[in-house]
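The values are calculated or read from the model by the stated rules, or taken from the named source; none is laboratory data. It should be emphasised that the depicted structure is a prediction, and the values quoted were computed from it without experimental measurement. With ideal geometry, Cβ positions are generated from the backbone for all residues, glycine too; neighbour counts draw on all protein chains shown.
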Amino acid sequence: MPILSRTLERLFFLAAIGSALLTAAIFLLLCQLGKPLFQHGGLGTLLCSPWNPGHGQYGIYPMIVGSLSIAFLSVLISFPFSLGCAFFITHFGPLALRRKLLNLVRFMTSIPTVVYGFVALFLLVPFMREYLTGGSGLNILTASLMLAVLIAPTMIIFFVDSLQRVPLSYRQAVDALGGSPAQQLLYVVLPMAWPGILNGLLLGLGRAMGDTLISLMLAGNAVAVPTAMTQAARTLTAHIALVMAADFASMEFQSIFACGIFLYLFTALLIVALRLVGRLSPRGL
Amino acid sequence: MQPTTKIHTNGLSFYYGKMQVLQDVSVELQDRRITAITGPSGSGKSSFLSVLNRMWTEIPGVHLQGEAHIRLGGQLHDLCDKRQPAQHLRRKVGMVFQTPNPLPMSIYRNVAFPLKLSGCSDRQQIAAQVESALRRTLLWDEVKDLLKKDARQLSGGQQQRLCIARSLVLEPEVLLLDEPTSALDVAASAGIEDLLLALKQDCTLVLVSHYLDQVKRLADKVYRVDNGRMVQL
Amino acid sequence: MGRLLARLLPGFSWCCALALTAAVATLVWFLLRGGLPAFNADLLFGGTRAIDALLLRRQVFDGLFPALFGTVAMVLLAVSLAVPVGVAAGIYMAEYAGGWSKHLLSLVFDVLAGIPSIVIGLSGFALAIVLHRSFDGRLGPCLLLSALALAFLVLPYLVRSTQTALEGVDPLLRHTALTLGASKLQNIFLVLLPNRLADLTGGIILAVGRCAEDTAVIMLTGVVASAGVPDSMLRQYEALPFYVYYMSSQYTGPEELQKGYAAAILLMIICSLLFVLAFMAQRRLKSWLLYR
């Protein structure tokens, strides 16, 4: 019996440590395979130079710009929208509808990304082409709009959670003083819930940055540095998916490891930022 | 330590993180007696109980200073040593909580659970011991036809007696009771009190309670905890 | 300013809620409109007899069956790889880890959970390259590689859901068995885990859903547009989400496009069923399993 339990406990430990080490191993593996690229030009050129394989330039700068602009734009669109939905669920909706909307939001998390992309390709893209952006309809704005829908459930669920965590007694105090739900929200709940809101915002940004399918299907995948929302762009994730077909040994192929490393580091920084936000205490009133 | 002394502490201090909960506690608890501990809530009564069945080792951040011993089956056990295994000790030092805590399983399986934990697999023996434990707590006649029912469907008083039966099934030498009646109504409390007096025959009971009349009715010896110190009344 | 905001806020909030509902309704309506006509006996099996296809006696060439089969096989493989490790690691995190090591480990798992799935797929692919180089074996992209990468993708979810499930046990219940002389392991396996079985199952089902919907990982690790039903784990395979993606750009006629719609509906049905199942598990399973 003691031998059995000792073995089991050791297995638990191994599972935890093993998974953690594998996480680190991913990073090392990416670095190892991307090494020829770093030797070729150094980190600075890699991050800042344009993508022009014909002239031996394998910089991922255009993809970084593409990823960041699509991610930030989608968060910019999704944030007020998600906040509005969260307010509906916690404060303004009729009681019968609040629960229904929350369940709808939960259901949205189960819709596969590729389905969002598929529908957008045949519904949103023609619309954008005809009425808003012209061109092919495949551009930053289209991708950001759809990505905004995709990341909304994540944000809404986090927002609702942090809004509801404000103690009931504080909320009742405002009600007892004759405050409207909106006043309660603005003067008591929001000031107390903002670390949670920020948390949801950062998580949404992470999801937007890490998404592959939406940008691959909707953003047009052009390798030039975009200068307007209505232009096509290629994200880091889409770049990885698109270049896979190329020859293993080519520099072109190795650039995807640079993309992988960039995304990995971005995630790690984001998680650390989330941890720091978690330490923030809500402001006193 | 006298042969009639069951539990003995000398200069015992209990720290929770940096906070000192108990300070320099030196007490002697006699065999087959009811010792009551009273005091304001949050004064460290429950912490003292957690020393006696070594549950303090399960709470992160707790450490002890001083001496505490318990005599089980004629042998002395050191309660302050974190490294000693706690399971055997806990089978001989039962505990009943303020809120009845039946496990989410049937009445029968609740009482049989400690036997299962100690590795007993003889079904007939288990059935016999379950019945005898339920009889000792005067619960048998009430539940003998409901043994397969979820234990949480019983009334509060019945649940508490079930929890006592569950502790008794291993025939413990010491029973720790942490305000066992404060979640119950008057009639149920009276039933539990009678039961405790009967158990005194073969058990050492340590009762935490802040009902002074209850303490007066039951206890052979009373300690009061105040500001982390324990004084005999 | 504040007063104006307080006036406008409820209206704005209603608009957002309506827009969200409209978006989901449009999505579902559009899919159904495009794909329902394709829902017939031929959708899954094409010209092949259903019984022949199910018994793997004959390959299906113009139906969704190989893609469905590939998805199911891949998910089962990935989840059976990930669940033991994930649950064990979760138990370690909740019951054994403490102090700085717990902080560090949970930071690492959070990072792992946040890594974009395409990067996980890329590392799966990189692993195949390294193995290829060092052993000269023929482990190219295949079903097994996809399953390994997917298992890694859902691992942090399983760890986290197990950990939070265990940590959510009421302290009184947590200590009950211990006071009755249970060892730590007995307490974990006889009280804590059974008590949280519903949450655990819910977490596992959600992990299944995550595996089933993922496209980015598998497109780097072995999925192809047409491979038929694979006869070994070391073969390339088809999968529903990839089929949807592929059809969206490579369809050759309205009939194929309609199949793309149908595949999207099928995938959505599978994922939402899993989701509902997880939802119900968290409510019902406990009473069903524990109070026999």
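Here is a check on your reading of the model: is A:G59 surrounded by fewer than 21 Cβ atoms within 10 Å (Cβ to Cβ), more than 14 Å from chain C (Cβ to nearest Cβ) and of a type outside the set (S, T, N, Q)?
yes
If we scan region A:163-184, do we find a residue that is surrounded by 20 or more Cβ atoms within 10 Å (Cβ to Cβ) and away from every other protein chain (no Cβ under 14 Å)?
yes
Condition first: crowded, with 20+ Cβ neighbours inside 10 Å and free of Cβ contacts under 8 Å to residues at least 40 places away in the same chain. Now tell me which residues in region B:110-126 satisfy that.
The answer is B:L117, and nothing else.
Out of region A:180-237, which residues are within 29 Å of C:L5 (Cα to Cα) and either part of a loop (DSSP other than H, G, I, E, B) or touching a Cys at 6+ places or on another chain (Cβ under 6 Å) (or both)?
A:S180
What residue, among those in region A:84-121 that are of a type outside the set (V, I, T) and closer than 23 Å to C:I218 by Cβ, is farthest from the other protein chains (Cβ to nearest Cβ)?
A:A120
Quick grid of which residues meet (1) outside any helix (DSSP H, G or I); (2) in contact with a Gly (Cβ under 7 Å, 6 or more places away or on another chain); (3) modelled with pLDDT under 90; (4) more than 30 Å from A:A228 (Cα to Cα):
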residue	(1), (2), (3), (4)
A:I70	no, no, no, no
A:F81	no, no, no, no
A:F88	no, no, no, yes
A:L97	no, no, no, yes
A:V105	no, no, no, yes
A:P126	no, yes, no, no
A:E130	no, no, yes, no
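Wholly within region B:153-233, which strands (runs of 3 or more DSSP E) include no fewer than the required count, namely at least 1 residues that are of a type in the set (D, E, K, R)?
B:174-178, B:221-226, B:229-232
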